[in-house]
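The structure appears right after this line, and notes come after that.
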Amino acid sequence: MGTTPAPNDATSGMPRRADPGPGGPFEGTGTPAPGNPHQDVDAPASVSPASSAPLPGRPVRGSAGGRPVMAALDLLGRRWTLRVIWELHVNGAPIGFRDLQRRCDAMSSSVLSTRLTELREAGIAASTSTAAQPAWHLTALSDGLVTALGPLLDWSRAWAEQR
């Protein structure tokens with residue numbers, strides 16, 4: 001009997017790579033946590049079951065085992081997420097919900113609320129309560145994310161100049 005060829009990627013005609021699974025090229029250590037063969041060592045020990053944010057160690061788009069890079073790409077790939085992070089970063093100081101909504105081109109309040117909840121659950125954003133309303137800001141964890149996005153920003157500017 002012959003082997004079945006790998007399915008082709010519909011957009012490029014190239015064979016798709018198999019999911020490398022835990023320990024693949026984008027993993028931290030690749031060693032599963034005791035008692036959970038799908039949880040990465042770098043994943044948080046516990047996650048609220050009501051949480052909707054993609055987090056390492058839980059199934060996310062593209063990774064049944066929740067590889068950290070796939071969880072990050074799932075979170076950042078959700079509509080408006082990068083814009084919310086951008087506006088919180090550019091502002092530099094805590095910003096109220098309505099002001100943030102205006103800065104994000106008047107996105108719906110339900111989408112903004114969902115994105116802020118997901119970013120809070122992921123540890124990227126936090127709120128501080130004031131007498132009038134909560135104010136949102138980026139956390140120390142987000143500093144590394146903003147730094148990591150810098151080369152993408154540089155590339156996008158060069159790409160725009162060449163078009």
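Rounded, prolate or oblate: which one fits segment 53-163, using the alpha carbon gyration tensor with axes a ≥ b ≥ c (rounded when a/c is under 1.5, else prolate when a/b beats b/c, else oblate)? It is oblate, given that a/c is not under 1.5 and a/b is not larger than b/c. Counting Lys and Arg as +1 and Asp and Glu as -1, what is the net charge of the other residues whose Cβ lies under 15 Å from the Cβ of GLN101? That sum, taken over residues with Cβ under 15 Å, equals +3.
Any read-out appearing in this document is the output of simple, stated calculations on the displayed coordinates, not a laboratory observation. Computed from a predicted model, the values in this text were never measured in an experiment. Methodologically, a virtual Cβ is constructed for each residue, glycine included, from the backbone with ideal geometry; neighbour enumeration extends over all protein chains shown.
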